[in-house]
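The values are calculated or read from the model by the stated rules, or taken from the named source; none is laboratory data. Remember, predicted model here, so these are calculated numbers, not experimental data. Note: areas computed on protein heavy atoms with side chains; ligands, DNA, RNA excluded. Shrake-Rupley method; radii C 1.70, N 1.55, O 1.52, S 1.80 Å.
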Amino acid sequence: MSSQPATSAPTALDLTLDGGALTAQLVDFPSVSGDEQALADAVEAALRTLPHLTVDRYGNNVVARTDFGRAERVLLAGHLDTVPIADNLPSRVEGDLLWGCGTTDMKSGVAVQLRLAATLTDANRDLTFVFYDCEEIDAARNGLGHLAAQHPDWLAADFAVLLEPSGAMVEGGCQGTVRAKVTLTGTRAHAARSWLGDNAIHQAAVVLGRLADYQPRRVEIDGLEYREGLNAVRIEGGVAGNVIPDECVVTVNFRYAPDRSEAEAAAHVREVFQGFQVEVTDSAPGALPGLAQPAAQAFLAATGGSARAKYGWTDVARFSALGVPAVNYGPGDPNLAHKRDEHCSLSAIAECERRLRDWLTAGR
Ligand SMILES: [Zn+2]
(Lines give C-alpha, C1' and ligand atoms only; values in the text may rest on other atoms or scores of the structure.)
Protein backbone atom coordinates (compact mmCIF):
# COMPACT_ATOMS: atom_id res chain seq x y z
CA MET A 1 0.00 0.00 0.00
CA SER A 2 1.29 3.43 -0.82
CA SER A 3 -0.29 6.49 0.72
CA GLN A 4 -1.64 9.29 -1.41
CA PRO A 5 0.43 12.46 -1.37
CA ALA A 6 -1.20 15.33 0.54
CA THR A 7 -1.35 17.49 -2.57
CA SER A 8 -3.76 16.03 -5.08
CA ALA A 9 -3.25 15.92 -8.84
CA PRO A 10 -3.55 19.25 -10.65
CA THR A 11 -6.90 20.12 -12.17
CA ALA A 12 -5.75 22.50 -14.90
CA LEU A 13 -2.75 23.01 -17.14
CA ASP A 14 -0.78 26.23 -17.19
CA LEU A 15 0.57 26.74 -20.72
CA THR A 16 2.63 29.74 -19.61
CA LEU A 17 5.00 27.42 -17.72
CA ASP A 18 8.26 26.47 -19.44
CA GLY A 19 8.42 23.09 -21.16
CA GLY A 20 10.01 21.28 -18.21
CA ALA A 21 7.54 22.62 -15.64
CA LEU A 22 4.63 21.88 -17.97
CA THR A 23 5.95 18.33 -18.43
CA ALA A 24 5.94 17.94 -14.64
CA GLN A 25 2.34 19.17 -14.52
CA LEU A 26 1.34 16.69 -17.24
CA VAL A 27 3.15 13.87 -15.45
CA ASP A 28 1.29 14.69 -12.22
CA PHE A 29 -1.99 14.17 -14.13
CA PRO A 30 -1.98 10.35 -14.10
CA SER A 31 -3.28 9.07 -17.44
CA VAL A 32 -2.68 5.35 -17.76
CA SER A 33 -4.18 3.99 -20.99
CA GLY A 34 -7.98 3.95 -20.77
CA ASP A 35 -7.94 6.58 -18.01
CA GLU A 36 -7.07 9.71 -20.01
CA GLN A 37 -10.33 11.64 -19.62
CA ALA A 38 -9.19 14.09 -16.92
CA LEU A 39 -6.05 14.94 -18.85
CA ALA A 40 -7.92 15.19 -22.19
CA ASP A 41 -10.39 17.55 -20.46
CA ALA A 42 -7.53 19.71 -19.18
CA VAL A 43 -5.80 19.79 -22.59
CA GLU A 44 -9.06 20.70 -24.31
CA ALA A 45 -9.87 23.43 -21.74
CA ALA A 46 -6.39 24.95 -22.04
CA LEU A 47 -6.50 24.98 -25.85
CA ARG A 48 -10.01 26.46 -25.96
CA THR A 49 -8.72 29.64 -24.30
CA LEU A 50 -6.48 30.29 -27.34
CA PRO A 51 -8.30 32.39 -29.94
CA HIS A 52 -6.02 31.37 -32.86
CA LEU A 53 -7.02 27.70 -32.57
CA THR A 54 -10.09 25.73 -33.63
CA VAL A 55 -10.51 22.84 -31.21
CA ASP A 56 -12.30 19.55 -31.90
CA ARG A 57 -12.74 16.55 -29.71
CA TYR A 58 -13.63 12.92 -30.39
CA GLY A 59 -13.63 10.65 -27.34
CA ASN A 60 -10.48 11.47 -25.41
CA ASN A 61 -8.75 12.76 -28.52
CA VAL A 62 -8.26 16.50 -28.93
CA VAL A 63 -7.32 18.22 -32.19
CA ALA A 64 -6.49 21.94 -32.45
CA ARG A 65 -5.84 23.73 -35.73
CA THR A 66 -4.72 27.13 -36.91
CA ASP A 67 -6.10 28.79 -40.01
CA PHE A 68 -3.38 31.25 -40.99
CA GLY A 69 -3.97 30.62 -44.70
CA ARG A 70 -0.42 29.30 -45.28
CA ALA A 71 0.59 27.12 -48.23
CA GLU A 72 1.69 24.17 -46.07
CA ARG A 73 0.22 22.47 -43.04
CA VAL A 74 2.30 20.68 -40.43
CA LEU A 75 0.83 18.31 -37.87
CA LEU A 76 2.37 17.67 -34.45
CA ALA A 77 1.04 14.60 -32.65
CA GLY A 78 1.45 12.97 -29.27
CA HIS A 79 -0.33 10.42 -27.11
CA LEU A 80 -1.70 11.36 -23.70
CA ASP A 81 -1.51 7.92 -22.11
CA THR A 82 1.26 6.19 -20.24
CA VAL A 83 2.04 2.65 -19.24
CA PRO A 84 0.97 1.74 -15.65
CA ILE A 85 2.53 3.80 -12.88
CA ALA A 86 5.42 2.05 -11.15
CA ASP A 87 5.63 3.92 -7.82
CA ASN A 88 7.14 6.77 -9.83
CA LEU A 89 4.59 9.57 -9.28
CA PRO A 90 4.43 12.41 -8.45
CA SER A 91 7.27 13.76 -10.57
CA ARG A 92 10.41 15.17 -9.00
CA VAL A 93 13.27 17.30 -10.28
CA GLU A 94 16.93 16.55 -9.57
CA GLY A 95 19.30 18.95 -11.26
CA ASP A 96 18.57 18.81 -14.99
CA LEU A 97 16.47 15.64 -14.71
CA LEU A 98 12.71 15.28 -14.30
CA TRP A 99 11.73 11.86 -12.95
CA GLY A 100 8.39 10.10 -13.18
CA CYS A 101 6.05 7.95 -15.24
CA GLY A 102 5.62 9.46 -18.69
CA THR A 103 8.47 11.97 -18.46
CA THR A 104 10.12 10.50 -21.54
CA ASP A 105 7.19 8.59 -23.16
CA MET A 106 5.85 11.03 -23.90
CA LYS A 107 4.61 13.91 -21.75
CA SER A 108 7.75 15.90 -22.49
CA GLY A 109 6.75 15.74 -26.17
CA VAL A 110 3.16 16.67 -25.30
CA ALA A 111 4.45 19.64 -23.27
CA VAL A 112 6.41 20.83 -26.31
CA GLN A 113 3.26 20.50 -28.43
CA LEU A 114 1.22 22.50 -25.93
CA ARG A 115 3.88 25.21 -25.60
CA LEU A 116 3.99 25.60 -29.39
CA ALA A 117 0.19 25.54 -29.64
CA ALA A 118 -0.07 28.33 -27.08
CA THR A 119 2.66 30.57 -28.46
CA LEU A 120 2.87 30.13 -32.26
CA THR A 121 0.21 32.69 -33.11
CA ASP A 122 1.86 33.65 -36.41
CA ALA A 123 3.74 30.58 -37.68
CA ASN A 124 5.13 30.19 -41.21
CA ARG A 125 2.93 27.12 -41.75
CA ASP A 126 -0.54 26.19 -40.66
CA LEU A 127 -0.44 23.92 -37.64
CA THR A 128 -2.48 21.00 -36.41
CA PHE A 129 -1.94 19.65 -32.90
CA VAL A 130 -3.22 16.14 -32.18
CA PHE A 131 -3.45 14.67 -28.67
CA TYR A 132 -4.73 11.09 -28.57
CA ASP A 133 -5.42 8.26 -26.18
CA CYS A 134 -4.65 4.55 -25.82
CA GLU A 135 -1.35 4.34 -27.69
CA GLU A 136 0.27 1.99 -25.17
CA ILE A 137 -2.31 -0.79 -25.50
CA ASP A 138 -3.80 -2.95 -28.26
CA ALA A 139 -3.95 -1.24 -31.63
CA ALA A 140 -7.76 -1.52 -31.89
CA ARG A 141 -8.16 1.11 -29.14
CA ASN A 142 -5.56 3.55 -30.50
CA GLY A 143 -7.07 7.05 -30.54
CA LEU A 144 -5.10 8.07 -33.62
CA GLY A 145 -6.54 5.06 -35.43
CA HIS A 146 -10.04 6.14 -34.36
CA LEU A 147 -9.42 9.68 -35.62
CA ALA A 148 -8.06 8.35 -38.92
CA ALA A 149 -11.21 6.25 -39.36
CA GLN A 150 -13.80 8.81 -38.14
CA HIS A 151 -12.30 12.22 -38.88
CA PRO A 152 -9.52 11.81 -41.48
CA ASP A 153 -10.04 15.47 -42.50
CA TRP A 154 -8.83 16.57 -39.04
CA LEU A 155 -5.50 14.85 -39.79
CA ALA A 156 -4.95 16.37 -43.24
CA ALA A 157 -1.41 17.79 -43.49
CA ASP A 158 1.65 17.99 -45.72
CA PHE A 159 4.00 16.61 -43.09
CA ALA A 160 3.61 15.19 -39.58
CA VAL A 161 5.93 15.02 -36.60
CA LEU A 162 5.17 12.50 -33.88
CA LEU A 163 6.87 13.71 -30.71
CA GLU A 164 7.63 10.19 -29.42
CA PRO A 165 10.95 9.91 -27.60
CA SER A 166 13.72 9.71 -30.19
CA GLY A 167 16.64 11.18 -28.27
CA ALA A 168 16.18 14.35 -30.34
CA MET A 169 17.18 12.44 -33.49
CA VAL A 170 14.85 12.51 -36.47
CA GLU A 171 13.58 8.99 -37.08
CA GLY A 172 12.04 8.76 -40.52
CA GLY A 173 9.23 6.49 -41.60
CA CYS A 174 9.04 2.96 -40.27
CA GLN A 175 9.38 -0.61 -41.47
CA GLY A 176 6.44 -2.78 -42.36
CA THR A 177 5.87 -6.29 -41.05
CA VAL A 178 4.36 -9.48 -42.44
CA ARG A 179 3.93 -12.66 -40.45
CA ALA A 180 3.21 -15.86 -42.37
CA LYS A 181 2.86 -19.56 -41.67
CA VAL A 182 4.63 -21.95 -44.00
CA THR A 183 2.88 -25.29 -43.63
CA LEU A 184 4.59 -28.56 -44.58
CA THR A 185 2.51 -31.68 -44.91
CA GLY A 186 3.58 -35.33 -45.03
CA THR A 187 2.17 -38.72 -44.23
CA ARG A 188 1.72 -39.98 -40.72
CA ALA A 189 3.14 -43.44 -39.91
CA HIS A 190 4.48 -45.54 -37.03
CA ALA A 191 8.07 -44.54 -36.33
CA ALA A 192 9.04 -48.24 -36.43
CA ARG A 193 7.90 -48.40 -40.07
CA SER A 194 8.95 -44.89 -41.12
CA TRP A 195 9.29 -45.87 -44.81
CA LEU A 196 5.50 -45.94 -44.88
CA GLY A 197 5.36 -42.24 -43.98
CA ASP A 198 6.69 -38.89 -45.14
CA ASN A 199 8.19 -36.75 -42.36
CA ALA A 200 6.84 -33.18 -42.44
CA ILE A 201 9.48 -31.95 -39.94
CA HIS A 202 12.25 -33.11 -42.27
CA GLN A 203 10.73 -31.03 -45.06
CA ALA A 204 11.23 -27.96 -42.88
CA ALA A 205 14.94 -28.30 -43.66
CA VAL A 206 14.26 -26.85 -47.11
CA VAL A 207 12.35 -23.90 -45.63
CA LEU A 208 15.06 -23.25 -43.04
CA GLY A 209 17.70 -23.57 -45.78
CA ARG A 210 16.00 -20.85 -47.80
CA LEU A 211 15.92 -18.64 -44.71
CA ALA A 212 19.61 -19.28 -44.03
CA ASP A 213 20.52 -18.43 -47.63
CA TYR A 214 18.25 -15.39 -47.77
CA GLN A 215 20.06 -12.14 -48.54
CA PRO A 216 18.06 -9.29 -46.97
CA ARG A 217 18.03 -5.99 -48.83
CA ARG A 218 19.49 -2.77 -47.55
CA VAL A 219 17.50 0.02 -49.09
CA GLU A 220 18.20 3.73 -49.06
CA ILE A 221 15.14 5.96 -49.10
CA ASP A 222 15.45 9.76 -48.79
CA GLY A 223 18.99 9.22 -47.49
CA LEU A 224 17.98 6.77 -44.74
CA GLU A 225 19.05 3.14 -44.79
CA TYR A 226 16.45 0.49 -44.03
CA ARG A 227 17.67 -3.05 -43.31
CA GLU A 228 15.21 -5.78 -44.07
CA GLY A 229 15.05 -9.16 -42.37
CA LEU A 230 13.28 -12.46 -42.98
CA ASN A 231 13.36 -14.82 -40.03
CA ALA A 232 11.76 -17.92 -38.59
CA VAL A 233 10.14 -16.90 -35.32
CA ARG A 234 8.41 -20.16 -34.42
CA ILE A 235 8.33 -23.81 -35.46
CA GLU A 236 5.66 -26.32 -34.53
CA GLY A 237 5.47 -30.00 -35.35
CA GLY A 238 5.31 -33.48 -33.89
CA VAL A 239 2.57 -35.87 -32.86
CA ALA A 240 4.15 -38.28 -30.38
CA GLY A 241 7.48 -39.88 -29.67
CA ASN A 242 6.69 -42.86 -31.88
CA VAL A 243 4.91 -41.19 -34.79
CA ILE A 244 6.27 -39.84 -38.07
CA PRO A 245 4.69 -36.34 -38.08
CA ASP A 246 2.47 -35.35 -40.98
CA GLU A 247 2.54 -31.59 -40.34
CA CYS A 248 5.09 -28.95 -39.48
CA VAL A 249 4.49 -25.21 -39.45
CA VAL A 250 7.28 -22.64 -39.65
CA THR A 251 6.15 -19.11 -38.78
CA VAL A 252 8.24 -16.42 -40.46
CA ASN A 253 8.36 -12.67 -39.91
CA PHE A 254 9.41 -10.34 -42.70
CA ARG A 255 10.38 -6.79 -41.66
CA TYR A 256 10.52 -4.77 -44.81
CA ALA A 257 11.56 -1.36 -46.06
CA PRO A 258 8.72 1.08 -46.75
CA ASP A 259 9.32 1.14 -50.50
CA ARG A 260 7.32 -2.11 -50.62
CA SER A 261 3.55 -2.11 -50.15
CA GLU A 262 1.88 -4.64 -47.86
CA ALA A 263 0.78 -6.64 -50.93
CA GLU A 264 4.27 -6.59 -52.42
CA ALA A 265 5.79 -7.72 -49.14
CA ALA A 266 3.35 -10.63 -48.88
CA ALA A 267 4.06 -11.56 -52.52
CA HIS A 268 7.78 -11.53 -51.77
CA VAL A 269 7.33 -13.97 -48.86
CA ARG A 270 5.28 -16.29 -51.11
CA GLU A 271 8.00 -16.10 -53.75
CA VAL A 272 10.75 -17.03 -51.27
CA PHE A 273 8.73 -20.07 -50.19
CA GLN A 274 7.52 -21.01 -53.64
CA GLY A 275 6.33 -24.62 -53.71
CA PHE A 276 5.08 -24.46 -50.12
CA GLN A 277 1.75 -23.55 -48.60
CA VAL A 278 2.06 -19.96 -47.29
CA GLU A 279 -0.62 -18.21 -45.24
CA VAL A 280 -0.22 -14.56 -44.20
CA THR A 281 -1.49 -14.23 -40.61
CA ASP A 282 -0.63 -10.65 -39.73
CA SER A 283 0.46 -7.59 -41.66
CA ALA A 284 1.08 -3.88 -41.14
CA PRO A 285 2.38 -1.44 -43.74
CA GLY A 286 5.57 0.56 -43.42
CA ALA A 287 5.76 4.32 -43.73
CA LEU A 288 7.87 6.33 -46.12
CA PRO A 289 10.01 8.99 -44.43
CA GLY A 290 8.93 11.66 -46.91
CA LEU A 291 12.08 13.65 -46.22
CA ALA A 292 12.12 15.05 -49.76
CA GLN A 293 9.05 17.20 -48.95
CA PRO A 294 9.87 20.93 -48.61
CA ALA A 295 8.43 21.06 -45.08
CA ALA A 296 10.52 18.03 -44.13
CA GLN A 297 13.71 19.47 -45.63
CA ALA A 298 13.26 22.65 -43.62
CA PHE A 299 12.49 20.55 -40.56
CA LEU A 300 15.67 18.49 -41.00
CA ALA A 301 17.77 21.62 -41.36
CA ALA A 302 16.24 23.13 -38.21
CA THR A 303 16.80 19.96 -36.18
CA GLY A 304 20.44 19.56 -37.08
CA GLY A 305 20.22 17.75 -40.40
CA SER A 306 20.72 14.18 -39.26
CA ALA A 307 18.13 11.46 -39.44
CA ARG A 308 18.05 7.70 -39.08
CA ALA A 309 15.59 5.06 -40.20
CA LYS A 310 12.99 3.96 -37.68
CA TYR A 311 13.04 0.22 -37.06
CA GLY A 312 9.89 -1.34 -35.73
CA TRP A 313 6.36 -0.14 -36.29
CA THR A 314 5.05 3.16 -34.94
CA ASP A 315 2.02 5.39 -35.37
CA VAL A 316 3.81 7.28 -38.14
CA ALA A 317 2.50 4.48 -40.38
CA ARG A 318 -1.06 5.66 -39.65
CA PHE A 319 -0.15 9.03 -41.15
CA SER A 320 1.54 7.37 -44.09
CA ALA A 321 -1.66 5.42 -44.76
CA LEU A 322 -3.47 8.79 -44.97
CA GLY A 323 -0.86 10.06 -47.44
CA VAL A 324 0.90 12.25 -44.84
CA PRO A 325 4.67 11.66 -44.59
CA ALA A 326 5.69 11.49 -40.93
CA VAL A 327 8.73 11.29 -38.68
CA ASN A 328 9.39 10.69 -35.00
CA TYR A 329 11.17 13.53 -33.22
CA GLY A 330 10.89 14.04 -29.48
CA PRO A 331 13.01 15.04 -26.50
CA GLY A 332 12.90 11.81 -24.47
CA ASP A 333 15.40 8.96 -24.55
CA PRO A 334 13.54 5.97 -26.01
CA ASN A 335 15.63 3.54 -23.94
CA LEU A 336 14.09 4.98 -20.74
CA ALA A 337 10.49 4.56 -21.89
CA HIS A 338 8.29 2.29 -19.75
CA LYS A 339 10.95 2.00 -17.06
CA ARG A 340 10.51 2.46 -13.33
CA ASP A 341 13.34 5.01 -13.34
CA GLU A 342 11.94 6.87 -16.35
CA HIS A 343 13.28 10.43 -16.55
CA CYS A 344 13.90 13.20 -19.03
CA SER A 345 16.45 15.98 -19.32
CA LEU A 346 14.90 19.43 -18.83
CA SER A 347 17.42 20.98 -21.21
CA ALA A 348 16.49 18.42 -23.89
CA ILE A 349 12.84 19.47 -23.59
CA ALA A 350 13.81 23.14 -24.01
CA GLU A 351 16.10 22.31 -26.94
CA CYS A 352 13.39 20.33 -28.76
CA GLU A 353 10.91 23.19 -28.33
CA ARG A 354 13.48 25.74 -29.51
CA ARG A 355 14.30 23.79 -32.68
CA LEU A 356 10.66 23.25 -33.60
CA ARG A 357 9.93 26.90 -32.91
CA ASP A 358 12.84 27.98 -35.15
CA TRP A 359 11.52 25.75 -37.92
CA LEU A 360 7.97 27.07 -37.63
CA THR A 361 8.81 30.74 -37.30
CA ALA A 362 11.70 31.10 -39.80
CA GLY A 363 10.98 33.99 -42.15
CA ARG A 364 8.20 35.44 -39.98
ZN1 LIG B 1 5.01 6.56 -26.68
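Here are the numbers:
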read-out: Between 0 and 90°, nearest 10: helix 262-272 axis offset from the chain longest Cα axis; value: 30
read-out: Per residue value of the accessible surface for the chain (all protein chains in place, 1.4 Å probe), Å²; value: 44
read-out: Most fluctuating residue given options PHE68, PHE254, PHE129, as computed from a GNM of the chain linking Cα atoms under 10 Å; value: PHE68
read-out: Highest-MSF residue in the chain out of ARG217, ARG308, ARG188 [GNM, Cα springs under 10 Å]; value: ARG188
read-out: Between 0 and 90°, nearest 10: helix 37-48 axis offset from the chain longest Cα axis; value: 50
read-out: Length-normalised contact order for the chain - Cα pairs under 8 Å, 6+ apart - percent; value: 23
read-out: Centre separation in Å (Cα based) which lies between the stretch 214-249 and the stretch 48-67; value: 46
read-out: The chain - percent of accessible surface contributed by carbon and sulfur, probe 1.4 Å; value: 49
read-out: Stokes-Einstein D for the stretch 229-305, Kirkwood Rh over Cα pairs, 25 °C, 0.890 mPa s (µm²/s); value: 155
read-out: Top of ALA284, ALA192, ALA298 by mean-square fluctuation, Gaussian network on the chain, Cα under 10 Å; value: ALA192
